[in-house]
Each structure stands twice: as structure tokens, then as C-alpha cells.
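Novice: Here's a structure for you.
The values are calculated or read from the model by the stated rules, or taken from the named source; none is laboratory data. Keep in mind that this is a model prediction, so the values were computed, not measured. Methodologically, a virtual Cβ is constructed for each residue, glycine included, from the backbone with ideal geometry; neighbour enumeration extends over all protein chains shown. Just so you know, the surface numbers come from the protein's heavy atoms only, side chains and all, with ligands and any DNA or RNA stripped out. Shrake-Rupley method; radii C 1.70, N 1.55, O 1.52, S 1.80 Å.
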Amino acid sequence: METIQTVQVGNVIIGGTTPVFIAGPCSIESREHIIEEAKALKAMGVNLLRGGAFKPRTSPHDFQGLGMDAVKYLYEAKEITGLPIVTEVMSEDHIEEMLPYVDMFQVGTRNMYNYALLQKLGKVNKPVLLKRGFSATLREWQMAAEYIIAGGNDQVVFCERGIRTNNDITRNTLDLAGAVMMRQMTHRPVIVDPSHATGVRSLVGPMTMASVAAGLDGVMIEVHEVPDASYSDGAQTIDYDLCRTIIEKAKKI
Ligand code: PEP
Ligand code: MN
């Protein structure tokens, strides 16, 4: 077994002996929404709370997120539940304002090549969850992390979230071998986002089991009390019952 350079987020260790479960809604829809969901997720053994505040939507006419208001709601949910929080930072201009609230900055697939953003995150003393660009090679993904690390921030976790292939039915293709390869190449934690990697609710469970069985360091799953009512990514979002079942099953692997 190779030694992995662990990353600590609040009281949670990523890359240690047990896989980490990150869950939450694609978008934070209101203060009540994220607080109620955080309580439900905490009760089922989720380790880290995710929630989108700044949303990089394909169409500018789609819901763009509640921005800093949502970051503050997420922080409130953390204060109530004790769950450390991770949320996407879309622009270098937002880092400073978000810094006091977040435990981990997420870099989305569209921003993996945003070197100005990565460089600025290299100067921050908070862990970074670096998603793979949907067309990025493993080398490009590794070098994107290098922009953060070279700046002095060594707390990087990789997140495989699916890439574009000739599979025209699922939203993306989960590159499981690529994820395991990255872990072997970098000796850093690698987690999987089975929600964006598939775009299909019924595939989230199977791909979670595969990721944990492959020895990866955790998963990040989109969850909503009423998935079909989600402001974004409803088709890949699972409900509380399924999330609970998936976590229980994955923990037995
Ligand atoms: C997300 O996790 O909310 C997200 C937008 O993912 P990605 O950047 O992988 O599309
Ligand atoms: Mn989403």
C-alpha cells in the first residue's frame, strides 16, 4: 500500500484509512434548505458538507446560485452540525471574501485551467478540492495541482468527476482507472464525484461502490430532500434514503 499525503479539512482526514463521504445539494437554495439538509446528512454519517453558492452554469439564463449569501448559510449549517464545508470558488476575486467561511475551496471542472485562480489558491492556507477538467489529460490535471502546490499550498485533493467520451447516454464517463493512476502518480488523495461523472441518479450507488472498492479516498455526492425539485442537476441528485443506503453499503466494503 502506498503512502498518501493526507489532507485535513476541519476534523476530517482525507487520504487516511477510511473513505470520506462528502454530500449536499448541487445548489444552496435557501438558508432553511441547507440547514435542514445538513442535519439530515450529519445523522447518516456524512463527513463533509458540500453546497453550491457560485454556480458555473452552462447557460447564463439558468440559476447562478445565491453567491455570498449562500456561503454564509453554509457556514451557519456548519456551526449547527459541526460538519466542515466545501464550496466552489469561481473567481480569484471571491477568495478573500469567502476565506473566513469555508473549510475547503472547490475548483470546478471549467476552472481547472484557470491558472490565475489556481495561483491565488496557492497563497491561501485552506485545502483545495481540484476537479478534473472534463477534457483534461492526467498530466494537465496533475500540473494544475502543481500551480497550487508551487505557490506554497500543499493541501490538494483531486476529484475525478467524469470526462467527455463517445458514451452519449451518460452525462460523462467516470475514468476510474485514471483516478487510481493519479493517486499512484501523485501520492495525494483522490476522490470521485459519481453524480457529475454519470448524470444519472441510478448510477450514483454503483459508482460509489466501485470507487471505494478501488481504494480511492472518498466520494462527493449530490443530495436533495426532493431531488426532482432541485434548482440544478436534479437528474443526478439522490434523496436522503438512497444516500443513507449508499453510505451504509460503502462502509462495508
Ligand atoms: C459541482 O460540483 O457543483 C460542479 C459544478 O461540478 P463540476 O465542476 O464537476 O461540473
Ligand atoms: Mn451539480
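Novice: To the nearest 10 square angstrom, how much accessible area does Tyr147 have with a 1.4 angstrom probe?
Specialist: 80 Å²
Novice: Taking 8 Å as the Cα distance limit and 6 or more residues as the minimum spacing, I'd like the relative contact order of the range 165-219 as a percentage.
Specialist: 37 percent
Novice: Report, to the nearest whole %, how much of the accessible area of the chain belongs to carbon and sulfur atoms, 1.4 Å probe, protein only.
Specialist: 51 percent
Novice: Of Thr58, Met90, Cys26, which is farthest on the positive side of the dipole of the range 23-95, counting Cα position, with +1 on Lys and Arg Cβ, -1 on Asp and Glu Cβ, and the Cα centre as origin?
Specialist: Farthest towards the positive pole: Cys26.
Novice: Taking a point 7 angstrom from the Cα of Arg57 along the C-beta vector, which residues in the range 228-243 have backbone N less than 14 Å away?
Specialist: 230-234
Novice: Ignoring ligands, DNA and RNA, what accessible area per residue does the range 78-119 give at 1.4 Å, in Å²?
Specialist: Counting only protein heavy atoms, the per-residue value for the range 78-119 is 41 Å².
Novice: Rolling a 1.4 angstrom probe over the protein heavy atoms, how many square angstrom per residue are accessible across the range 133-253?
Specialist: It amounts to 42 Å² per residue over the range 133-253.
Novice: Follow-up question, since we're still on this one. Can you classify the range 1-113 as rounded, prolate or oblate using the Cα gyration tensor, where a ≥ b ≥ c are the square roots of its eigenvalues, rounded means a/c under 1.5, and otherwise it's prolate if a/b beats b/c and oblate if not?
Specialist: oblate
Novice: To the nearest 10 square angstrom, how much accessible area does Lys123 have with a 1.4 angstrom probe?
Specialist: Approximately 150 Å² for this residue.
Novice: Just from its helices, what would the mean residue ellipticity at 222 nm be for the chain, if runs of 4 or more DSSP H residues each count -39500 (n - 2.57) and the sum is divided by every residue, rounded to the nearest 500 deg cm²/dmol?
Specialist: -11000 deg cm²/dmol
Novice: In terms of solvent-accessible area of protein heavy atoms at a 1.4 angstrom probe, what is the ranking of Leu176, Leu41, highest value first?
Specialist: Largest accessible area first, the list is Leu176, Leu41.
Novice: Which distance in nm do the two modelled labels at Glu97 and Asn166 give, with both placed 7 Å along the Cα-to-Cβ direction?
Specialist: 4.5 nm
Novice: Related question: Report the accessible area of Thr58, computed with a 1.4 Å probe over the heavy atoms of all protein chains in place, in Å² rounded to the nearest 10.
Specialist: 120 Å²
Novice: List, in order, the whole-Hz ³J(HN,Hα) value for each residue of the range 22-27 obtained from phi through the Karplus relation with A = 6.51, B = -1.76, C = 1.60 and θ = phi - 60°; use x for Gly and Pro.
Specialist: Karplus-based 3J(HN,Hα) across the range 22-27 equals 10, 8, x, x, 4, 10 Hz.
Novice: Can you give me the orientation-averaged projected area of the convex hull built on the Cα atoms of the range 95-253, in nm²?
Specialist: Directional mean of the projected Cα hull area for the range 95-253 stands at 9.6 nm².
Novice: Take every DSSP beta bridge whose two residues both sit in the chain, then give the antiparallel share in percent to the nearest 5.
Specialist: The answer is about 15 percent antiparallel.
Novice: Taking H as built 1.01 Å from N, whose amide H comes closer than 5 Å to the amide H of Val200, not counting residues under 5 places away?
Specialist: Long-range HN contacts for Val200: Arg171.
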